[in-house]
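Just below is one structure, and these are the notes that go with it.
A short reminder: the numbers here are calculations on the coordinates, not readings from a lab. These figures come from a predicted structure and were not determined experimentally. Cβ sites come from the backbone with ideal geometry, for glycine too, and all protein chains shown count toward neighbours.
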Amino acid sequence: MTNQHLESIKKRRTQYALGKNVTLAKAEIEALIKEAVKHSPSSFNSQTSRVVILFGAESDKVWNIAKETLKKIVPEDAFPATEGKLNSFAAGVGTILFYEDMDVVKGLQENFAAYADNFPIWSEQASGMAQLSVWTALANANIGASLQHYNPLVDAEIAQTWGIPDNWKLRAQMPFGSNEAPFGEKAFMDDEARFKVFG
């Protein structure tokens, strides 16, 4: 069975060896990210996802913030490994910051009280779908990426640096760039342990 969408998803893999050898122009990458987010589903078509796209020196700032923040809490003997990992994220051409607009979530909770407890959960699901959509779109453009979660440690300084509204909640960071190393084999658990089919 051949399915174009499934083939696209299979290309999406975690890439830690990022570089700056990307052939797409910034404007093309920006358009790709925007389209991927726009067409990602959200509950009640609430469109809660917000995205900040950073290139070059602006992207480097994210990882310098993470480095300075973690240096204060990671044991000194363990910090070189942490620093190396953060440097690998900065080695790419950019970083995408994924946010959720909590004012929209609160508005939905007020307007649809019967579902109030679910809207924060559905917001997280919307964010995850936006992240997958963007990551897959990048992979199809031969751009490598990984998904990182240094929030909430870096939230305040990132918000201050780029003037992020208080109602935007940082959910993930996605460094991206050229694929500078091949992908390893991906292991999968047995279908019998994961799926149940009836009828």
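Mean residue ellipticity at 222 nm from the helices of the chain, using -39,500 (n - 2.57) per DSSP H segment of n ≥ 4 over the full residue count, to the nearest 500 deg cm²/dmol?
Values: 8 runs with 93 residues, N = 199.
About -14500 deg cm²/dmol.
Fewest to most neighbouring Cβ within 10 Å: what's the order for Tyr115, Tyr150? If you can, show how the numbers build up before the last one.
Values: Tyr115 14, Tyr150 19.
The most exposed by this proxy come first: Tyr115, Tyr150.
For the options Ala25, Ala159, Ala187, a Gaussian network treatment of the chain with springs between C-alpha atoms closer than 10 Å singles out Ala187 as fluctuating the most.
Between their Cα atoms, which of Lys11/Lys38; Lys20/Lys85; Lys10/Lys106 are more than 24 Å away from each other? Don't skip to the end; give the middle numbers.
Values: Lys11/Lys38 21 Å; Lys20/Lys85 16 Å; Lys10/Lys106 36 Å.
Table pairs above 24 Å Cα-Cα are Lys10/Lys106.
Going by neighbour counts of Cβ atoms within 10 Å, the residues Met102, Met189, Met174 line up, fewest first, as Met189, Met102, Met174. The order of Trp63, Trp168, going from fewest to most other C-beta atoms within 10 Å of their C-beta, is Trp168, Trp63.
Among the listed values [x] 8, 30, 33, 22, 6, 0; [y] 8, 36, 38, 15, 2, 0; [z] 8, 35, 36, 18, 2, the one matching P(r) over Cα pairs in 10 Å bins from 0, in percent as calculated from this structure is [x]. The distance between label points at Trp162 and Ile121 comes to 3.0 nm (points 7 Å beyond Cα on the Cα→Cβ vector).
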